[in-house]
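Worksheet for the structure shown next.
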Amino acid sequence: MKRIPLPTAFPLLALVLFLVFPSAADARDSGQTYVNIGTGGVTGVYYPVGAAICRLVEKGRKAGENSIRCTVESTGASVDNVNALRDGSLDLGIIQSDVQYYAYNGVERFEEAGPNPDLRVLFSLQSESFTLVAKEDAGILKFEDLPGKRVNLGDPGSGSRNTLELLMKEYGWTPETYSLAAELKPAEMAGALCADKIDAFVYVVGHPNASVQEAANDCSARLVPVTGPEVDALVRKYPFYPVSIIPGGMYKGSSTDVTTFGPKATLMAAAKFPEDIAYDITKAVFSNFDEFKSLHLALADLVPAGLLEGNSVPFHPGALKYFKEVGLVKEEPEPVAEGPDPGKEGTGPVK
């Protein structure tokens, strides 16, 4: 994050900034604060949701309520965003609630890096679903039909891949279980499916989603339920993976509800992120909540109280200050109280 006091800049640069950003004169003070939000692939939900947040932040800046210039970046999604928060290359990141837990506690793929106790959450966002999309003629009617098939496992830097690997552990599967284990990015998945290069892809994402829509429209792909004893065991072990329903009729070829599971998306920062900026961003979203919900269909069913749920790390003090001011909370909500205890199987308290 960069705070740039305009009066101290070189005269020519100041003139250029004034011409390019004429509304800067409306900012709360003489400086601009530049904030970037790491999202995911441009065809996913994270990118437009990040853009929706920035739109409301910019609305507040133009009204003189803050001095924040907000931009979104397309990234490899959750895991990449967590790592970027840790090394300081991102100010904010949209991160799945499961990846949030693993990074904070230094477990699963974050075991080598160790715990990251500096992670803070501003608020939760949309629920996400572990989505299995298969070609109509691939003979995939349930998750257990995947062995021997050509399956896209997803970008190694994504929360989708992380969730799939956890479910594969429950089944005792490895990448060799499939005849092809592809690692395509979200923007490539539907095209590969319709070109008969893969039989199915997995995507943990909010709905509706452009990649799923493309596959359904262009090659009659369909959504496959993800249920069974192994899924039940995963949900018990990881309580930030509730059961999820993808409504019927949302996509061509999937007329009935599809049962699966999945985490929530969350907006996160490092502990050092300035309290006043976190406050202003939180206020920009919650004080324009109806407009926020209208900016993407994945946000349509959100309720304010729901955006404080499902977290396993502390709230950022700037966000918490706003929640207390408007009466959403009296004290900081308790994070998810159960989950895989770092270093052993089973459940245990968040450390």
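The values are calculated or read from the model by the stated rules, or taken from the named source; none is laboratory data. In this text, all values refer to a predicted model and were calculated from it rather than measured experimentally. Every residue, glycine among them, receives a Cβ derived from its backbone with ideal geometry; neighbour counts consider all protein chains shown.
Within the range 236-281, the set of residues being within 17 Å of the chain's Cα centre (by Cα), surrounded by fewer than 22 Cβ atoms within 10 Å (Cβ to Cβ) and within 23 Å of Y322 (Cβ to Cβ) comprises just one member, A270. I need every pair where a residue in the range 85-109 that is free of Cβ contacts under 8 Å to residues at least 60 places away in the same chain and assigned by TED's automatic domain parsing to the domain that holds T282 has its Cβ under 7 Å from the Cβ of a residue that is in a strand (DSSP E or B) and of a type in the set (A, V, I, L, M), sequence separation at least 6 or different chains. Close Cβ pairs satisfying both conditions: A103/L119. Taking every residue in the range 50-75 that is over 18 Å from T266 (Cα atoms) and touching a residue at least 40 places away in the same chain (Cβ under 8 Å) and pairing it with any residue that is surrounded by 22 or more Cβ atoms within 10 Å (Cβ to Cβ) and hydrophobic (A, V, I, L, M, F, W, C), at least 6 positions away or on another chain, the pairs with Cβ-Cβ distances below 6 Å are G60/A284; I68/V35; I68/V57. For the range 145-160, the tally of residues that are crowded, with 22+ Cβ neighbours inside 10 Å and free of Cβ contacts under 8 Å to residues at least 60 places away in the same chain stands at 4.
Checking each residue in the range 267-286 for being among the aliphatic types (A, V, I, L, M) and closer than 20 Å to K59 by Cα picks out L267, I277, A278, I281, A284, V285. Do we have A182 as small (G, A, S) and under 30 Å from I37 (Cα atoms) here? Yes. Looking across the range 265-299, just one residue is modelled with pLDDT under 95 and either among the β-branched types (V, I, T) or assigned to a loop (DSSP other than H, G, I, E, B) (or both), and that is H296.
Checking each residue in the range 166-187 for being touching a strand residue (DSSP E or B) at 6+ places or on another chain (Cβ under 8 Å) and either of a type outside the set (A, V, I, L, M) or in contact (Cβ under 8 Å) with a residue 40 or more places away in the chain (or both) picks out L167, P175, Y178, S179, E183, P186. Pairs linking a residue in the range 111-125 that is assigned by TED's automatic domain parsing to the domain that holds I53 and without any contact (Cβ under 8 Å) to a residue 60 or more places away in the chain to a residue that is polar (S, T, N, Q) and in a strand (DSSP E or B), with Cβ atoms under 9 Å and 6 or more positions apart or on different chains, do not occur. Buried (at least 19 other Cβ atoms within 10 Å of the Cβ), at pLDDT 95 or above and β-branched (V, I, T) - does that describe any residue in the range 177-184? The answer is no; no qualifying residue exists. For the range 168-185, a residue qualifies if it is in contact with an Asp or Glu (Cβ under 7 Å, 6 or more places away or on another chain) and either among the hydrophobic types (A, V, I, L, M, F, W, C) or within 26 Å of T75 (Cβ to Cβ) (or both), and the qualifying residues are E183, K185. Counting only residues that are charged (D, E, K, R), farther than 18 Å from D155 by Cβ and not in a loop (DSSP other than H, G, I, E, B), which one in the range 74-101 is nearest to the chain's Cα centre (by Cα)? Of everything passing the filter in the range 74-101, R86 is nearest to the chain's Cα centre (by Cα). Just wondering, is there one or more residues in the range 44-57 that are assigned to a loop (DSSP other than H, G, I, E, B) and either closer than 26 Å to H207 by Cβ or at pLDDT below 95 (or both)? So far as the range 44-57 goes, yes, one or more of its residues are assigned to a loop (DSSP other than H, G, I, E, B) and either closer than 26 Å to H207 by Cβ or at pLDDT below 95 (or both).
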